[in-house]
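S.K.: Structure in structure tokens, see below.
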Amino acid sequence: QVQLAESGGGLVQSGGSLRLSCAASGSIFSINAMGWYRQAPGNQRELVARITSGGSTNYADSVKGRFTISRDNTKNTVFLQMNSLEPEDTAVYYCNFQLRRSYVDYMGNYWGQGTQVTVSS
């Protein structure tokens with residue numbers, strides 16, 4: 001079993017900052033990539049930022065220059081630092097891990113429970 005625990009969401013004014021965290025626990029053999037997605041009401045879930053095991057990152061165009069994804073490999077944790085937040089960033093944010101639970105396991109996608117981020121104007 002693998003569990004992902006998110007924290008750090010909340011309500012913030014436009015221009016403010018928040019830092020999201022997501023820690024994976026349980027049976028983990030290797031992690032290929034970690035990422036953050038978000039879903040606003042009426043919209044599809046979209047990629048916000050992603051970081052691979054090699055450290056490569058990619059970001060949605062809408063958050064480039066404002067958001068930074070990072071990780072702590074020793075704690076199987078991924079972070080999302082969100083600065084200069086805008087009302088359009090309001091959504092439920094989900095962390096995602098691509099990992100293998102054992103050396104014979106296939107790569108699987110695992111999701112956090114989601115954390116609400118609300119940016120007021």
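The values are calculated or read from the model by the stated rules, or taken from the named source; none is laboratory data. In this text the structure is predicted, and so the values were computed from the model without any measurement. FYI the Cβ positions are ideal-geometry reconstructions off the backbone, even for glycines, and counts take in every protein chain you see. Protein only, heavy atoms only, side chains kept; ligands, DNA and RNA dropped before computing areas. Shrake-Rupley method; radii C 1.70, N 1.55, O 1.52, S 1.80 Å.
S.K.: State the percent of C-alpha pairs, over all pairs in the chain, separated by a distance greater than 27 angstrom.
M.R.: It works out to 15 percent of all Cα pairs.
S.K.: Continuing with the same structure: Can you tell me which of Gln44, Gln98, Gln81 moves the most in a GNM of the chain? Springs connect C-alpha atoms under 10 Å apart.
M.R.: Gln44
S.K.: Considering only protein heavy atoms, with the full assembly of protein chains and a 1.4 angstrom probe, order Arg71, Arg19 by accessible area, largest first.
M.R.: Descending order: Arg19, Arg71.
S.K.: Let me ask something additional. If I take R0 = 22 Å and measure r between the Cβ atoms of Arg45 and Gln113 in this structure, what FRET efficiency does the formula 1/(1 + (r/R0)^6) give, to the nearest 0.05?
M.R.: 0.95
S.K.: At 7 Å along the Cα-to-beta-carbon direction for both Val104 and Ser120, put a label point, then send me their distance in nm to one decimal.
M.R.: About 5.5 nm, to one decimal.
S.K.: Set the Förster distance to 25 Å, then compute FRET efficiency between Ser17 and Asn58 from the Cβ-Cβ distance, nearest 0.05.
M.R.: After rounding to 0.05, the efficiency reads 0.70.
S.K.: I've got another one for you. About its Cα centre, what dipole magnitude does the chain give when the only charges are +1 on Lys and Arg Cβ and -1 on Asp and Glu Cβ, stated in debye to the nearest 20?
M.R.: 280
S.K.: To continue, here is another question. Please check: in the Gaussian network model of the chain (C-alpha springs, under 10 Å), which one of Tyr93, Tyr106, Tyr37 has the largest mean-square fluctuation.
M.R.: With Cα springs under 10 Å in the chain, the top fluctuation among Tyr93, Tyr106, Tyr37 is at Tyr106.
S.K.: How much accessible area per residue does the stretch 78-120 have, in Å², with a 1.4 Å probe?
M.R.: Result: 47 Å² per residue.
S.K.: Would you work out the charge dipole size for the stretch 61-119 about its Cα centre, treating the Cβ of every Lys and Arg as +1 and the Cβ of every Asp and Glu as -1, and quote it to the nearest 20 debye?
M.R.: That gives a dipole near 320 debye.
S.K.: At 1.4 Å probe size, what's the solvent-accessible area of Asp72? Round to the nearest 10 Å².
M.R.: Ignoring ligands and nucleic acids, Asp72 comes out at about 40 Å².
S.K.: Counting only protein heavy atoms and using a 1.4 Å probe, what share of the accessible area of the chain belongs to carbon plus sulfur, as a whole percent?
M.R.: In the chain, the share of accessible area belonging to carbon and sulfur is 46 percent.
S.K.: For every other residue with a beta carbon closer than 15 angstrom to the beta carbon of Thr90, add +1 if it is Lys or Arg and -1 if Asp or Glu, then tell me the sum.
M.R.: That works out to -1.
S.K.: So, in nm, how far is label Ser7 from label Ser84 when the simple model puts each one 7 Å beyond its Cα toward the Cβ?
M.R.: In this crude label model, Ser7 to Ser84 measures out at 2.9 nm.
S.K.: So, one more: For the residue pair Ser25 and Asn73, what label-to-label distance in nm results when each label sits 7 Å from Cα along the Cα-to-beta-carbon direction?
M.R.: 2.3
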